[in-house]
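To start, the structure itself, in structure tokens.
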Amino acid sequence: MIQNEYLQKWIEEMRTLCQPDSVQIITGTDEENQQLIQKLVDKKTFIPLKKRQNSYLARSNVDDVARVEDRTFICSNIKDDAGPTNNWAPPDEMRKKMEGLFKGSMRGRTMYVVPYCMGPLKSPWSRVACTITDSAYVVVNMRMMTRIGDPALQMLGNNDFVKCLHSVGKPLEKGQQDSTWPCNPKDTYIVHFPEKKEVWSFGSGYGGNALLNKKCFALRLATSMGRKEGWMAEHMLIIGVTNPQGEKKYFTGAFPSACGKTNLAMLTPTLPGWKVECVGDDIAWMHWGDDGRLWAINPEAGFFGVASGTSPKTNINALKTIEKNAFFANVALTEDGDVWWEGLTDVPPKHLIDWKGKDWTPESKEKAAHPNSRFTVSAKQCPVLDPNFEAPQGVPISGIIFGGRRSTTVPLLRQALSWQHGVFLGAGTSSETTAAAKGAVGELRHDPFSMLPFCGYNMADYFAFWLQQEKPERKMPPIFFVNWFLKDKDGKFIWPGFGDNIQAIKWMWDRIDNKKEAEKTALGFLPKKEEFPRGDELFAIRKEEWQKECDDLQNYFKTFGQKMPKELWDELGKLKVAFF
Ligand code: OXD
Ligand code: MN
């Protein structure tokens with residue numbers, strides 16, 4: 001029984017609007033979960049994997065494989081509050097349009113009501129929300145990714161909450177056969193109303209568009225909630241690093257989508273005696289403690305990771321995490337009923353069913369798995385899950401890492417000269433695009449703080465909010481910037497990456513402890529070249545490349561107009577003095 005009056009009222013309103021055949025309140029039990037999974041198997045949305053216990057493969061519609069940034073809107077009351085990096089439409093107009101789309105959209109389907117909590121159940125930093133969706137696939141994925149059902153409802157009590165409405169946008173007429181992946185790409189819209197704390201998502205069943213807990217709430221809405229309440233929602237992993245002496249430090253790291261965040265979050269160090277444990281692989285909610293330190297929780301309960309490229313070499317811990325009780329989307333199916341994707345093994349199997357359901361052999365021209373193929377799994381299964389994963393207060397952060405995917409220009413590793421300089425580095429992040437969002441892959445684009453698609457308010461205000469964090473009573477964590485992706489003249493990666501990234505983390509560790517000298521340059525503190533293999537290439541600073549970078553940043557910063565903080569213009573000015 002739902003006691004919360006806001007929720008009762010909302011369910012009734014949505015039932016009237018969406019006209020589902022029935023309503024099911026999700027409680028979160030195993031039995032309920034099994035029934036939903038069975039429903040998905042019966043509908044052939046889920047293909048049970050014979051070789052993997054309690055694991056399933058889903059093949060999406062070929063037009064519903066990634067986040068759709070051009071259909072994602074921040075409908076703040078005032079246009080300027082969405083800023084130049086977000087799509088905006090007048091909220092009243094957009095609400096009317098969405099109501100039109102949602103009207104009757106759940107006919108022939110069940111409307112699931114999924115109360116959920118982002119963050120550990122007992123944490124004061126956690127937030128309760130509710131998703132209403134007509135997709136059982138969304139419900140079972142949310143059970144992996146969040147804390148759903150009765151415990152969340154209990155935590156909510158009589159309070160108001162974040163409202164997330166989702167429909168695949170394919171009502172069923174009487175007797176009409178459902179498709180295995182119902183969706184409506186033509187009419188897909190992912191719409192946020194930040195002042196009302198609402199998300200309306202129509203037409204897509206794909207992760208980031210349909211699991212509204214993740215990008216929509218835990219980033220886009222949460223950034224604007226955090227700004228008002230004085231905390232930060234970031235596109236960041238959280239790791240605990242232990243050195244050979246048994247000392248521990250926690251780091252957060254922001255990287256653009258599909259740039260190895262999950263791999264870094266579960267890293268197997270190649271340096272003897274070092275250990276990395278995972279608190280989170282995608283999102284961090286951070287707040288300042290009474291002790292003046294920055295603390296972080298992972299609002300998520302699971303991983304929605306990129307499968308393609310995951311291998312024993314790149315992320316053995318992810319492979320162990322998904323050995324059982326995992327969902328896969330758009331990977332290939334082996335003859336004996338297991339999953340496969342490019343990179344998993346050096347030699348591909350002789351025959352597969354590809355992500356589109358067609359026969360595939362190594363001679364086939366197309367990839368067997370979609371480059372944005374994914375797994376969903378509970379964090380509890382991760383063999384290197386940090387013991388403080390559920391700590392209500394979170395973990396104290398000693399260092400912040402930013403990074404991007406750049407084949408040229410940006411050195412492997414450096415430390416910002418100050419907090420302000422660190423904010424400038426975050427704001428100036430550019431990265432080559434990946435398959436995580438629909439659109440061209442490999443094109444350089446600005447992705448400040450790796451938040452371009454996820455900042456729910458004006459990005460220039462977000463820069464200012466970061467600058468405002470610096471206060472005398474706070475212990476500001478040093479900021480670092482890394483680029484694992486430099487290429488040589490032959491187009492080969494210079495840096496080995498993955499487990500060897502611990503060398504960069506060790507350097508950061510020593511800098512934090514004031515145990516390492518570094519070279520002070522206009523780009524920041526740089527390691528001595530001889531401390532890293534191929535250091536000459538990894539730390540080469542080419543004047544022409546940085547001149548171009550400065551010009552480009554100048555043009556980019558201009559797009560934010562009057563709101564662009566003066567401090568960041570000052571930082572750019574200093575960089576220009578050094579290179580022109
Ligand atoms: C993700 C993304 O799915 O960033 O995490 O796109
Ligand atoms: Mn992400």
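Of all the listed residues (LYS324, LYS320, LYS313), the sole one being part of a helix (DSSP H, G or I) and within 27 Å of ILE148 (Cβ to Cβ) is LYS320. Just one of (1) part of a helix (DSSP H, G or I); (2) buried (at least 19 other Cβ atoms within 10 Å of the Cβ) fails for LEU467. It is (2). Contact map, region 438-458: residues that are over 15 Å from TYR556 (Cα atoms) paired with residues that are outside any strand (DSSP E or B) and more than 16 Å from ligand 2 (Cβ to nearest atom), Cβ distance under 6 Å, separation 6+ or inter-chain. Pairs shown: CYS455/TYR462; GLY456/PRO194; GLY456/SER224; TYR457/ASP81; TYR457/SER224. When LYS516, LYS520, LYS506 are screened for being assigned to a loop (DSSP other than H, G, I, E, B) and among the basic types (Lys, Arg), only LYS516 passes. Annotation: of all residues in region 407-440 being β-branched (Val, Ile, Thr) and within 16 Å of ligand 2 (Cβ to nearest atom), the one that is modelled with the highest pLDDT is THR429.
In this entry, TRP569 is excluded by the filter for residues that are part of a helix (DSSP H, G or I) and in contact with a strand residue (DSSP E or B) (Cβ under 8 Å, 6 or more places away or on another chain). Of the listed requirements (1) surrounded by 19 or more Cβ atoms within 10 Å (Cβ to Cβ); (2) of a type in the set (A, V, I, L, M); (3) not in a loop (DSSP other than H, G, I, E, B), LEU344 misses just one: (3). When GLY357 is tested against (1) part of a loop (DSSP other than H, G, I, E, B); (2) under 25 Å from CYS382 (Cβ atoms), exactly one condition is not met: (2).
Let's see how each residue does on (1) within 19 Å of THR434 (Cβ to Cβ); (2) touching a residue at least 60 places away in the same chain (Cβ under 8 Å):
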site	(1), (2)
ASN330	yes, yes
GLU335	no, no
TRP340	no, no
LYS356	no, yes
PRO362	no, no
GLU366	yes, no
ALA369	yes, yes
CYS382	no, yes
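The requirement of being more than 21 Å from TYR250 (Cα to Cα), among the polar types (S, T, N, Q) and in contact with a Lys or Arg (Cβ under 8 Å, 6 or more places away or on another chain) is fulfilled somewhere in region 417-431, by at least one residue.
If we keep just the residues of region 202-247 that are within 16 Å of ligand 1 (Cβ to nearest atom) and either surrounded by fewer than 22 Cβ atoms within 10 Å (Cβ to Cβ) or assigned to a loop (DSSP other than H, G, I, E, B) (or both), which is modelled with the lowest pLDDT? Selected residue: TYR206.
Contact annotation: residue pairs with Cβ atoms under 9 Å, 6 or more positions apart or on different chains, pairing a residue in region 202-216 that is aliphatic (A, V, I, L, M) with a partner that is within 13 Å of ligand 2 (Cβ to nearest atom), are LEU211/MET145; LEU211/PHE304.
The values are calculated or read from the model by the stated rules, or taken from the named source; none is laboratory data. Because the structure is predicted, anything quoted here is derived from the model rather than measured. Counting neighbours? That spans all protein chains shown, and the Cβs are built from the backbone with ideal geometry, glycine included.
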